[in-house]
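Have a look at the structure below, then the notes.
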Amino acid sequence: MSEPGTYPEAAPAGLIRKYVFSLNHKVIGKQYYVLSLLAVFIGTVLSWVMRIHLAWPNAAIPGVQFLSKTGAPGGMLTPEYYLQLMTMHGTLMIFFVVTTAPLAGFGNYFLPLQIGAEEMAFPRTNMMSFWVTFCAFIVALSAFFVPEGPPLSGWTAYAPLSALGQVAGPGQGTGQVLWALSIAIFCVGQLLGSINFISTTLDLRCTGMSLMRLPLSAWAWFITSCMSLTAFAVLLPACVLLILDHVAGTSFFIPSNLVVNDQLQPRGGGSALLWQHLFWFFGHPEVYIAIVPAIGIVSHVLIANMRRPLSSHRAVIYSMVTIAFLSYVVYGHHMFVSGMNPFASVAFSLPTLAITIPSTIVVLIWIGSLYGSKLRINAASLFALGFISMFVSGGVTGLFLAQPSLDIMLHATYFVVGHFHLVMAVAALFGIFAGTYFWFPKMTGRMMNETLGKIHFWLTFVGAYCIFMPFYYLGMAGNVRRYQSFVDDFMAPLMPIHKFITIAALITGFAQLIFLYNLIHSRFWGRPAPLNPWEATSLEWCTPSSPPPFDNFGGKLPVVYHDPYQYGIEGGNNDYVMQNSPEQINSARDER
Amino acid sequence: MAITVHEPSHTTIGQSKPASSSGGGWGGVPSSAAWLRLEDSSPASRTGVWAGLGAITMTFAAFTSAMIVRQGSSYDWQHFVLPSVLYCNTAVLLASSVVLELARKRVSAFLRGQVKQRSTAMLTLWLTLGLGLLFVGGQYVAWMELRAQGLYLATNPSASFFYLFTALHALHILGGLCGLSLVIWRFSKQVPTLRISTLSAVSYYWHFMDVLWIYLLILLWMRI
């Protein structure tokens with residue numbers, strides 16, 4: 001690890017050290033963000049291919065044959081290749097998008113700025129964590145280019161089929177090993193990043209920046225890093241064991257007397273459930289690793305646009321901490337249909353129901369604080385509102401799935417697909433969009449186009465509901481998930497809904513091109529941004545330039561005098577007081 | 001459903017009163033940003049190494065639970081006697097920690113200017129490195145002993161876990177040896193660039209490897 005205090009005063013001049021192997025947290029944050037953009041693009045295209053195949057199973061999809069001649073001959077997906085694409089869609093979206101962008105992307109860029117530090121605690125470790133993550137990304141994608149392609153076992157890689165090798169299906173040999181290797185490498189990158197985030201938050205805060213004066217986004221990154229540290233530390237050994245089952249002939253996850261494809265498997269004695277326990281001990285905190293940073297970002301954006309602090313700053317922090325803690329003791333709700341002891345199901349069901357309490361507290365605080373506020377409507381605040389909507393629409397159905405008696409009926413259906421896409425995937429994406437529209441002026445020195453941003457919001461908001469709400473209806477109608485076709489069975493009458501979803505997915509996907517155009521066009525030709533365009537109070541807006549200089553604050557670290565959200569202040573020129581402003585505020589709010 | 005809305009209190013700005021600053025930790029202040037430039041103090045290194053040790057603990061806890069579940073899931077678990085060289089290795093590792101503590105005191109004294117000679121400090125650092133290498137070599141001897149008995153990684157789940165635990169621990173020891181090498185390199189320069197915080201971080205890590213090894217030895221002794 002590099003040492004704090006060795007931070008260079010001047011930016012490196014060379015192209016490689018400045019933009020590629022940079023030690024600067026802002027460059028690394030942007031690298032993570034671009035990586036996520038790339039991953040979300042590939043993941044979206046994969047989902048389009050899957051959706052088109054689901055809606056028109058006999059149609060050839062132009063271009064897909066280039067992905068795999070055997071998996072998609074003439075552009076027609078085989079059932080196995082559908083599952084292989086599904087695996088890669090889930091893997092890319094969950095690991096490289098919703099885990100990477102809100103935490104590693106925005107967190108790297110803005111955590112040091114928000115706490116008044118000139119760098120992350122360990123810049124070299126930071127650089128290493130990005131490039132390790134990038135390697136994981138390349139290894140994951142390389143599965144497309146090996147014979148038989150990527151694995152078909154889904155992003156959860158359930159054993160024993162994920163541990164058996166080629167006999168379990170196409171992609172289950174080399175493809176599955178590459179998948180496990182990619183995730184293991186990704187875990188290392190996450191662990192390095194988490195150590196950095198935790199050390200930075202605890203030790204690099206500027207004078208006056210107590211923990212309770214941290215903005216909610218900084219709190220969210222800190223809490224998420226603690227989760228990430230402990231959750232990925234468990235997924236890593238799970239992947240190591242899985243790789244050993246493949247390449248070393250061990251039998252950790254392969255039970256005895258297993259017959260696959262009419263072949264009795266020579267190895268045995270292992271436990272398939274062991275994989276699920278290890279995976280979901282990571283997997284459920286992972287849901288919150290994706291969503292808690294978005295909660296922080298959305299709170300931060302909303303407060304600046306409401307021009308008032310949330311009704312309880314501490315309650316949001318304590319709720320996020322409670323969510324983080326409970327996320328470890330609810331993981332068994334993913335395994336209600338896995339043959340667990342029924343008593344264990346109850347033990348996992350109760351905390352799952354309980355975790356809705358802190359989530360509800362946060363939502364009520366948002367809504368309560370919004371009530372009566374003069375909300376500034378812009379793309380960032382719209383996406384923040386959209387996040388609340390998605391979080392609630394997806395979260396409410398979690399109450400159904402938390403109960404084993406209902407989950408047994410719904411578990412293998414599209415109901416679950418709708419649930420986790422809304423509460424985790426779309427909500428996290430809305431958090432990323434809110435953060436992008438809000439922080440873009442600071443990151444680039446230019447404003448994004450608001451009109452395009454609003455059009456992007458409405459198309460995405462309506463589109464996301466058109467895609468994912470019908471999943472609930474499909475699930476309640478008994479439409480099972482992970483099937484590649486529904487034309488020849490009792491689910492055939494549901495095909496019109498599938499076609500509707502596919503059309504909505506295509507339109508919503510294309511609507512993202514507006515965002516991409518806005519992002520690129522504004523980066524180079526956008527209106528120059530003022531230093532503090534949103535009249536916000538936290539330290540990232542007090543830098544001497546946009547984007548901030550190499551050392552963030554121009555050689556002089558700020559001193560913090562106030563809580564992070566001093567809005568609605570009367571008696572001055574502005575209705576806000578920045579955290580580093582020495583003006584005294586006669587407010588009970590500041591005496592915490 | 002009724003929602004209580006807490007209106008933020010109306011506040012006013014004072015004109016010229018001096019600013020107050022509270023904070024730091026939960027209620028106090030991080031004493032000063034100046035610590036960033038201090039030569040001998042770096043809380044971030046300490047926090048970082050503790051966070052890293054937390055992650056390592058979780059990793060080995062996961063492996064332990066996997067071992068317990070795997071042993072209980074089938075009747076194919078075969079017990080075998082642990083190679084006796086492991087006990088010698090344990091003594092070597094513990095000795096390395098003792099020597100590292102001596103090194104830490106001597107290096108600190110030199111860096112603070114309390115002692116002029118650095119040869120003793122350097123010797124203890126090299127000794128720690130040597131003992132660490134000896135430990136890894138001893139572990140290799142243990143693997144060779146098992147191999148001679150026909151116990152390979154995939155022979156039996158008990159052997160799988162033995163190789164897994166010892167190899168991963170040895171990997172972490174190698175990481176510690178890299179850290180020690182860094183410490184020696186920085187300390188051996190004409191004007192040492194070593195920070196006490198770096199040495200402390202490496203020491204915490206190294207001692208933790210002792211604790212981890214004792215835990216693993218007891219676990220393996222009980223289960224295998």
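The values are calculated or read from the model by the stated rules, or taken from the named source; none is laboratory data. Just so you know, these numbers come straight off a predicted model, no measurement behind them. Note that each Cβ is placed from the backbone with ideal geometry, even for glycine, and that neighbours are counted across all protein chains shown.
Looking across the stretch A:102-126, the residues that are within 12 Å of chain B (Cβ to nearest Cβ) and of a type in the set (A, V, I, L, M) come down to A:115, A:117, A:120, A:121. Selection of the stretch A:565-584 for residues being hydroxyl-bearing (Ser, Thr, Tyr) and either more than 9 Å from every other protein chain (Cβ to nearest Cβ) or touching a His at 6+ places or on another chain (Cβ under 9 Å) (or both) yields A:565, A:576, A:581.
Taken as a whole, the structure places residue A:270 among residues that are in contact (Cβ under 8 Å) with a residue 24 or more places away in the chain, not in a helix (DSSP H, G or I) and not assigned by TED's automatic domain parsing to the domain that holds residue A:108.
Residues checked against (1) part of a loop (DSSP other than H, G, I, E, B); (2) of a type outside the set (Val, Ile, Thr); (3) buried (at least 24 other Cβ atoms within 10 Å of the Cβ):
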{"position": "A:150", "(1), (2), (3)": "yes, yes, yes"}
{"position": "A:156", "(1), (2), (3)": "yes, no, no"}
{"position": "A:181", "(1), (2), (3)": "no, yes, no"}
{"position": "A:187", "(1), (2), (3)": "no, yes, yes"}
{"position": "A:195", "(1), (2), (3)": "no, no, yes"}
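Residue-by-condition table, conditions (1) over 19 Å from residue A:96 (Cα atoms); (2) under 25 Å from the mean Cα position of the chain (by Cα); (3) away from chain B (no Cβ under 14 Å):
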| site | (1), (2), (3) |
| --- | --- |
| A:142 | no, yes, yes |
| A:156 | no, yes, yes |
| A:163 | yes, no, no |
| A:204 | yes, no, no |
| A:210 | yes, no, no |
| A:237 | yes, yes, no |
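No other residue among A:572, A:555 is on the phi > 0 side of the Ramachandran plot and modelled with pLDDT under 90 apart from A:555.
When A:547, A:528 are checked against the criterion of being modelled with pLDDT under 95 and closer than 30 Å to residue A:114 by Cβ, A:547 stands alone in meeting it.
Report yes if residue A:324 is out of contact with any helix residue (DSSP H, G or I) (no Cβ under 7 Å at 6 or more places or on another chain), of a type in the set (Gly, Ala, Ser), closer than 29 Å to residue A:107 by Cα and in a helix (DSSP H, G or I), otherwise no. Lay out the reasoning, then the answer.
Values: out of contact with any helix residue (DSSP H, G or I) (no Cβ under 7 Å at 6 or more places or on another chain): no; of a type in the set (Gly, Ala, Ser): yes; closer than 29 Å to residue A:107 by Cα: yes; in a helix (DSSP H, G or I): yes.
Against the criterion (out of contact with any helix residue (DSSP H, G or I) (no Cβ under 7 Å at 6 or more places or on another chain), of a type in the set (Gly, Ala, Ser), closer than 29 Å to residue A:107 by Cα and in a helix (DSSP H, G or I)), residue A:324 does not qualify.
In the stretch B:39-80, which residues are facing chain A (nearest Cβ under 7 Å), within 17 Å of residue A:191 (Cβ to Cβ) and either of a type outside the set (Ser, Thr, Tyr) or not in a helix (DSSP H, G or I) (or both)? Spell out the reasoning first.
We begin by selecting, within the stretch B:39-80, every residue facing chain A (nearest Cβ under 7 Å); these are B:42-45, B:47-48, B:51-52, B:54-55, B:58-59, B:62-63, B:66, B:69-70, B:73-74, B:76.
Those still in the list that are within 17 Å of residue A:191 (Cβ to Cβ) too: B:44-45, B:47-48, B:51-52, B:54-55, B:58-59, B:62-63.
B:44, B:48, B:51, B:52, B:54, B:55, B:58, B:62, B:63 - these are the residues of the stretch B:39-80 that are facing chain A (nearest Cβ under 7 Å), within 17 Å of residue A:191 (Cβ to Cβ) and either of a type outside the set (Ser, Thr, Tyr) or not in a helix (DSSP H, G or I) (or both).
Under the condition of being more than 27 Å from residue A:523 (Cα to Cα) and in contact with a helix residue (DSSP H, G or I) (Cβ under 9 Å, 6 or more places away or on another chain), the residues counted in the stretch A:546-567 number 11.
Among the residues that make up the stretch A:539-549, is at least one of them touching a residue at least 40 places away in the same chain (Cβ under 8 Å), among the acidic types (Asp, Glu) and either surrounded by fewer than 20 Cβ atoms within 10 Å (Cβ to Cβ) or in a loop (DSSP other than H, G, I, E, B) (or both)?
First, pick out the residues of the stretch A:539-549 that are touching a residue at least 40 places away in the same chain (Cβ under 8 Å): A:539-541, A:543, A:545-548.
Next cut, among the acidic types (Asp, Glu) only: A:540.
If we keep only those that are either surrounded by fewer than 20 Cβ atoms within 10 Å (Cβ to Cβ) or in a loop (DSSP other than H, G, I, E, B) (or both) as well, we get none.
No, there is no match, as no residue in the stretch A:539-549 is touching a residue at least 40 places away in the same chain (Cβ under 8 Å), among the acidic types (Asp, Glu) and either surrounded by fewer than 20 Cβ atoms within 10 Å (Cβ to Cβ) or in a loop (DSSP other than H, G, I, E, B) (or both).
Filter the stretch A:73-84 down to the residues that are out of contact with any Leu (no Cβ under 6 Å at 6 or more places or on another chain), in a helix (DSSP H, G or I) and not aromatic (Phe, Trp, Tyr), then identify the one that is nearest to residue A:146 (Cα to Cα). The extreme case among them is A:73. Out of A:70, A:87, one residue alone is away from chain B (no Cβ under 14 Å), touching a residue at least 60 places away in the same chain (Cβ under 8 Å), more than 22 Å from residue A:513 (Cα to Cα) and not in a helix (DSSP H, G or I). It is A:70.
The C-beta contact set for the stretch B:72-100 (first residue over 16 Å from residue B:135 (Cβ atoms), second residue hydroxyl-bearing (Ser, Thr, Tyr) and part of a helix (DSSP H, G or I), distance under 6 angstrom, 6+ apart or interchain) comprises B:77/B:158; B:78/B:158.
Rundown of residues vs (1) assigned to a loop (DSSP other than H, G, I, E, B); (2) in contact (Cβ under 8 Å) with a residue 60 or more places away in the chain; (3) surrounded by 19 or more Cβ atoms within 10 Å (Cβ to Cβ), yes/no style:
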position	(1), (2), (3)
A:320	no, yes, yes
A:332	no, no, yes
A:345	no, no, yes
A:353	no, no, no
A:357	no, no, no
A:372	yes, no, no
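Here residue A:174 clears all of (1) over 28 Å from residue A:254 (Cβ atoms); (2) surrounded by fewer than 24 Cβ atoms within 10 Å (Cβ to Cβ); (3) polar (S, T, N, Q); (4) more than 9 Å from chain B (Cβ to nearest Cβ) except the condition numbered (1).
When the residues of the stretch A:242-272 are filtered to those that are within 8 Å of another protein chain (Cβ to nearest Cβ) and closer than 26 Å to residue A:185 by Cβ, which remaining residue is surrounded by the most Cβ atoms within 10 Å (Cβ to Cβ)?
Filtering the stretch A:242-272 for residues within 8 Å of another protein chain (Cβ to nearest Cβ) gives A:244, A:248-252, A:255-256, A:268-271.
From the residues that got through so far, the ones that are closer than 26 Å to residue A:185 by Cβ too are A:244, A:248-252, A:270-271.
On the way: A:244: 21, A:248: 15, A:249: 14, A:250: 27, A:251: 27, A:252: 30, A:270: 28, A:271: 22.
Looking at the filtered set, the residue picked out is A:252.
Of the residues A:501, A:467, only one is surrounded by 17 or more Cβ atoms within 10 Å (Cβ to Cβ), in contact (Cβ under 8 Å) with a residue 40 or more places away in the chain, over 27 Å from residue A:538 (Cβ atoms) and touching a Cys at 6+ places or on another chain (Cβ under 9 Å); which? Among A:501, A:467, only A:501 is surrounded by 17 or more Cβ atoms within 10 Å (Cβ to Cβ), in contact (Cβ under 8 Å) with a residue 40 or more places away in the chain, over 27 Å from residue A:538 (Cβ atoms) and touching a Cys at 6+ places or on another chain (Cβ under 9 Å). Every condition in (1) more than 16 Å from the chain's Cα centre (by Cα); (2) under 30 Å from residue A:201 (Cβ atoms) is met by residue B:73 except one, and the failing one is (2). Scanning the stretch A:212-235 for residues that are over 16 Å from residue B:58 (Cβ atoms) and within 8 Å of chain B (Cβ to nearest Cβ) yields a total of 2.
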